[in-house]
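The values are calculated or read from the model by the stated rules, or taken from the named source; none is laboratory data. For clarity, every value in this text was computed on a predicted model and none was experimentally measured. No Cβ is skipped: glycine too gets one built from the backbone with ideal geometry, and neighbour counts run over all protein chains shown. Just so you know, the surface numbers come from the protein's heavy atoms only, side chains and all, with ligands and any DNA or RNA stripped out. Shrake-Rupley method; radii C 1.70, N 1.55, O 1.52, S 1.80 Å.
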Amino acid sequence: MNTKLEILEFPDKRLRKTSVPVKTFNSELKQLAEDMLITMYQSMGIGLAAPQVNHRIRLIVIDISEERNEPMVFVNPEIENSSGEVESSEGCLSVPDIKTEVNRFESIEIRAKKLDGEEFHMKIDGLLSICVQHEIDHLDGKLFIDYVSEIKLERLRKKIIKEKKALNTEKKKPDYLI
Ligand code: NI
């Protein structure tokens, strides 16, 4: 049985905690990853970190495929190397309605574990790289809006309220939610 989990939303303090490394690779961990994927798909997200669903462990799930059929799971992910810089336009399932530009590394080399505990290395760039960086931030209690000044955030909030009033039909969706 898979369950859709509740996603914590800003300014919930639980989103600010640092998550601990996974030590036990059991069926419970597998079940949580499954439930997180279901939750991510149902919320139209492309990435989700365990602390967003109130589990303080270093586990993230991602699917950046168009068809939504290439789930990826990273346990205890760590960035080993990074290069370049890229501006990404981000939204987050835990920060509804806000979308803003954030500077990220263009490409990263990561080390992580699979659900069975096996270690793997990957060199990634593009959207996957951005997504992994965004999710690792969640594991460290960091949100993408932390990179933006308070003044700019206030401006964004006002703009969103205005847009909502003007449209009054459909919410303006960010490019992607991670
Ligand atoms: Ni997020």
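What the table below lists for this structure:
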quantity: Verdict on ILE130 being in contact with a Phe, Trp or Tyr (Cβ under 8 Å, 6 or more places away or on another chain) and at pLDDT 95 or above; calculated: no
quantity: Hits in region 76-96 - residues which are more than 15 Å from the chain's Cα centre (by Cα) and either touching a residue at least 60 places away in the same chain (Cβ under 8 Å) or outside any strand (DSSP E or B) (or both); calculated: GLY84, GLU85
quantity: Boolean, ASP140 is touching a residue at least 40 places away in the same chain (Cβ under 8 Å), at positive phi, open to solvent by less than 80 Å² (accessible area, probe 1.4 Å) and among the charged types (D, E, K, R); calculated: no
quantity: Residues satisfying the stated conditions in region 34-75, i.e. touching a helix residue (DSSP H, G or I) at 6+ places or on another chain (Cβ under 9 Å) and assigned to a helix (DSSP H, G or I); calculated: ASP35, MET36, THR39, ALA50, PRO51, GLN52, VAL53
quantity: Check on ARG68, more than 16 Å from the ligand (Cβ to nearest atom), surrounded by fewer than 20 Cβ atoms within 10 Å (Cβ to Cβ) and not hydrophobic (A, V, I, L, M, F, W, C); calculated: yes
quantity: So GLU78, is it within 16 Å of the ligand (Cβ to nearest atom) and either modelled with pLDDT under 95 or touching a Lys or Arg at 6+ places or on another chain (Cβ under 6 Å) (or both); calculated: no
quantity: Within region 1-33, tally of residues that are in a loop (DSSP other than H, G, I, E, B), among the charged types (D, E, K, R) and out of contact with any Ser or Thr (no Cβ under 7 Å at 6 or more places or on another chain); calculated: 4
quantity: Complete set of residues in region 1-50 that are within 16 Å of the chain's Cα centre (by Cα) and polar (S, T, N, Q); calculated: THR18, SER19, THR39, GLN42, SER43
quantity: All positions within region 116-157 that are touching a strand residue (DSSP E or B) at 6+ places or on another chain (Cβ under 7 Å) and assigned to a loop (DSSP other than H, G, I, E, B); calculated: LEU143, VAL148
quantity: Any hit, region 96-115, residues being closer than 18 Å to SER43 by Cα, in contact with a strand residue (DSSP E or B) (Cβ under 6 Å, 6 or more places away or on another chain) and open to solvent by 20 Å² or more (accessible area, probe 1.4 Å); calculated: yes
quantity: Residue among ARG14, ARG58 that alone is over 26 Å from GLU118 (Cβ atoms) and charged (D, E, K, R); calculated: ARG14
quantity: Flag for VAL53 being closer than 16 Å to ILE178 by Cα, within 13 Å of the ligand (Cβ to nearest atom), open to solvent by less than 50 Å² (accessible area, probe 1.4 Å) and more than 13 Å from the chain's Cα centre (by Cα); calculated: no
